[in-house]
Amino acid sequence: MADLQRHRGPDYQGIYTHPRNCVALSHARLSINDLAPQGNQPMSNEDGTLWLICNGEIYNHKSLRAELEKVGHQFKSHSDSEVILHLYEEHGEGLMDRLRGMFAFVLYDSRREIFLCARDRLGKKPFVYAENEWGFSAASEIPALKNLPGVDVAIDPAALGLYLLRNLRHVPDPWTLYRGLRRLNPGHAMIVRAGRIEKIWRYWRPDFAVRPVSNEELLSVFDETVALRKEADVEVGALLSGGVDSSAVVQAMVAQGAKGVRTYAMGRDKDDDELPRARQMAALLGVRHKEFYFHPERQHEQFLELLKIYGEPIMLLPLVFAYELCLNIRADGLKAVITGHGADELFYGYSGHNNQALISTLLPFLPDFLKPVLAAAALRIPETSRWREALLAASAPKGQVKTSLYRDEARRLWKFLFKDPKIASQADESIENWLGVWFEDSCPEAFIDESNVVGLMHENSHSVTIAGDLPAMAASVEVRAPFLDQELVQLAWRIAYQKKIRNWRNPTFNKWILKDALLGRVPDNLLFAPKRGFGFNISEDAVLRGPWKRQVDEAFDDLDVLDGVMNLDAVRTLKKQFDAGRGPVTPMLIAKLYAAIAALRLN
């Protein structure tokens, strides 16, 4: 298990086995804080009754250490992870409330003979686990668990079905593609006793109530999040695309006194029209900037490498670009970088947010008695029509908007794609179990806000939290994301959407409160430039019909890995429609099916 995850931490590998109990802990270390051997893991408390393995960074560890030392705790290292052990001694299972950072950890309490396991609030660090007759096991990545005794690696149809729906390009938490493996949800913890999960609970319950937020307050929290992520015992660089978010991060680093910051950008070639923005910002700030160029001939090979490491399908081409970039960063001598991940999801930077803002403005004027009428009307509209989706969203109760859209698509698509008719009948239950967890206590008032909480926590994980872990850790690089700091996320969720979308007709003014706050920090021509995503110029359609065509055709000619689960004739029909350029099939659905076939063959 340890060897399969060695790429995540090549600096040291440690193993602890309990002398009596059937407990073993292993950790592959990427040394960022406290490079001395005392910072190696697994690590214990003063008397050796507690043992810890932790993946991630606790950014407020210095203030926590000071508090703990005042009440008598003695530390063996300067590692940020060690505070978890002493917080447990003080606060027990409530220790996660004190942590500010990205983490997934297992803490073994030999006195109580339990594991306490937890994952950070946004799910920036992964946590996969299995529970069966052999006991309980957990890891950062699926391949470390798949070959353990008793693990059921049969395909989970509900997981595969969810992955194929709407905006998802990954299997959403808490599922994995395999029946016997699950993920701990973000913001959740569990207790394991005698090899069995005793309880799982949600420890993070954000506040969605809108309140006034000034530019000054926003910048104060943002600057603090950047300052926390600059701290390390190794050099910390930054990704600089020249967009608003990465430019704001690097500007804050330099303004806070960082010297000789190394920044990195990637393009198709030296003439990529995205690169001049990064060059402009780098020159303005005086940082040491490097450009790397993507190698198209390696694209498919690197895609397969990521699928093998991830252990299940994920379909997002920018992950391949990020992997190439991180390999170059590591070769340049760095193993920690700061990025702008998450700002678009929090402050509404995509063009699709404009329609959501318009709908959110109109919905309060819709009488309740019309909602059942709209819901019935939606079901009579063709499946491919955007009006069907709009009417379903308008008629759904608060906290159920995205749920209603996923249910509608699942009922149709699952019936067509899966052999077992029972799968389609389980769509409602599966989707409620998935999305229902986030609005148990409270829900944002506006449709756009509700939609984007789901977007950040679930739908866009492939491009936000997974993108910050999978391609980076595959290259032994740690990515730090100030915009995903829990305090900044909580603040952003309390800002009225009208402060983020200034004019729903004009996407130039999206992310308005952030851009307005950054006036004078980032040049106007960068603040108000058209939105360009990482890998913007490469579409799935072009890749599937171009450089990957041979591999894709071969995969759909031999669907044996899907046999027994999916209706293979239906899958072939979709591929024929795609090849002919007709029917409702989308390139993304074909791309996701191809990634599923490829992942299953590799794993």
Open item on the list: Give me a comma-separated list of calculated 3J(HN,Hα) values for segment 575-584, in order, Karplus coefficients 6.51, -1.76, 1.60 applied at θ = phi - 60°, integers in Hz, x for any Gly or Pro.
Closed with: 5, 5, 5, 5, 4, 7, x, 9, x, x
- [ ] Could you go through segment 564-572 in sequence order and give the Karplus-derived ³J(HN,Hα) for each residue, using 6.51 cos²θ - 1.76 cosθ + 1.60 with θ = phi - 60°, rounded to whole Hz, and x for Gly and Pro?
- [x] x, 10, 9, 7, 5, 5, 5, 4, 5
- [ ] Specify which residue in the list Leu219, Gln498, Ala24 is farthest towards the positive end of the charge dipole of the chain, using unit charges on the beta carbon of Lys, Arg (+1) and Asp, Glu (-1), about the Cα centre.
- [x] Gln498
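Show me the chymotrypsin sites (Phe, Trp or Tyr not before Pro) within segment 75-171 that DSSP assigns to loop and that have at most 15 other Cβ atoms within 10 Å of their Cβ.
The qualifying sites are Trp134.
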- [ ] Just the number, please: percent antiparallel of the DSSP beta bridges in the chain, rounded to the nearest 5.
- [x] 75
- [ ] Can you list which of the trypsin sites (Lys or Arg not before Pro) found in segment 459-506 are DSSP loop residues with at most 13 other C-beta atoms within 10 Å?
- [x] Arg505
Open item on the list: Could you order the peptides 541-547, 509-515, 148-154 from most to least packed, using the average number of other C-beta atoms within 10 Å per residue?
Closed with: 509-515, 541-547, 148-154
- [ ] Any lysines with Cα under 17 Å of the Lys259 Cα? List them, leaving off those in the same chain fewer than 8 positions away.
- [x] Lys230, Lys290
Task: Local electrostatic count at Ser31 - Lys and Arg +1, Asp and Glu -1, tallied over other residues with Cβ under 11 Å - done: -2
Task: Peptides ranked, highest mean first, by Cβ atoms within 10 Å: ranges 389-398, 289-298 - done: 389-398, 289-298
Task: segment 81-134: GluC sites (Glu not before Pro) in DSSP coil with no more than 14 other Cβ atoms inside 10 Å - done: Glu113, Glu133
Open item on the list: I need the phi-derived Karplus couplings for segment 329-342: 6.51 cos²θ - 1.76 cosθ + 1.60, θ = phi - 60°, integer Hz, Gly and Pro marked x.
Closed with: 5, 5, 5, 7, x, 9, 9, 8, 9, 9, 9, x, 3, x
TODO: Could you tell me whether segment 214-255 comes out rounded, prolate or oblate from its Cα gyration tensor? Rule is a ≥ b ≥ c as square roots of the eigenvalues, rounded for a/c under 1.5, then prolate if a/b exceeds b/c, otherwise oblate.
DONE: oblate
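Compute the length gained on full extension between Asp563 and Trp134: take 0.36 nm times their separation in residues and subtract their Cα-Cα distance, giving the result in nm to one decimal.
Details: separation 429, 0.36 × 429 = 154.44 nm, distance 2.86 nm.
Extra length from Asp563 to Trp134 when fully extended: 151.6 nm.
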Task: Inter-label distance for Ala529 and Lys398, nm, one decimal - labels placed 7 Å from Cα along Cα-to-Cβ - done: 4.0
Open item on the list: Nothing charged except the Cβ atoms of Lys and Arg (+1) and of Asp and Glu (-1): what's the magnitude of the dipole of the chain about its Cα centre? Round to the nearest 20 debye.
Closed with: 1000
TODO: Rounded, prolate or oblate: pick one for the chain, where a ≥ b ≥ c are the square roots of the eigenvalues of its C-alpha gyration tensor, a/c under 1.5 means rounded, and failing that, prolate if a/b is larger than b/c, else oblate.
DONE: rounded
TODO: For n ≥ 4 DSSP H runs only, could you compute -39500 (n - 2.57) per run for the chain, divide by its residues and tell me the 222 nm figure to the nearest 500?
DONE: -11500 deg cm²/dmol
- [ ] Amide H neighbours of Arg480 under 5 Å, at least 5 residues apart or on other chains, H built in the peptide plane: list them.
- [x] Val337, Ile338, Thr339
- [ ] Could you rank the peptides 139-147, 375-383 by their average count of other C-beta atoms within 10 Å per residue, with the highest value first?
- [x] 139-147, 375-383
Open item on the list: Quick check: net charge around Pro421, other residues with Cβ under 14 Å of its Cβ, Lys/Arg +1 and Asp/Glu -1?
Closed with: +4
Task: Distance in nm between pseudo-label sites at Arg386 and Ser442 (7 Å out along the Cβ direction from Cα) - done: 3.3
- [ ] Take the Cα atoms of segment 540-602, build their convex hull, and give its volume per residue in Å³.
- [x] 78
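Here, each number is a calculation from the coordinates, and none is a lab measurement. Computed from a prediction, not measured in an experiment: that's the story for all the values here. Ideal geometry is used to build each Cβ from the backbone, glycine not excepted, and the neighbour counts take in all protein chains shown.
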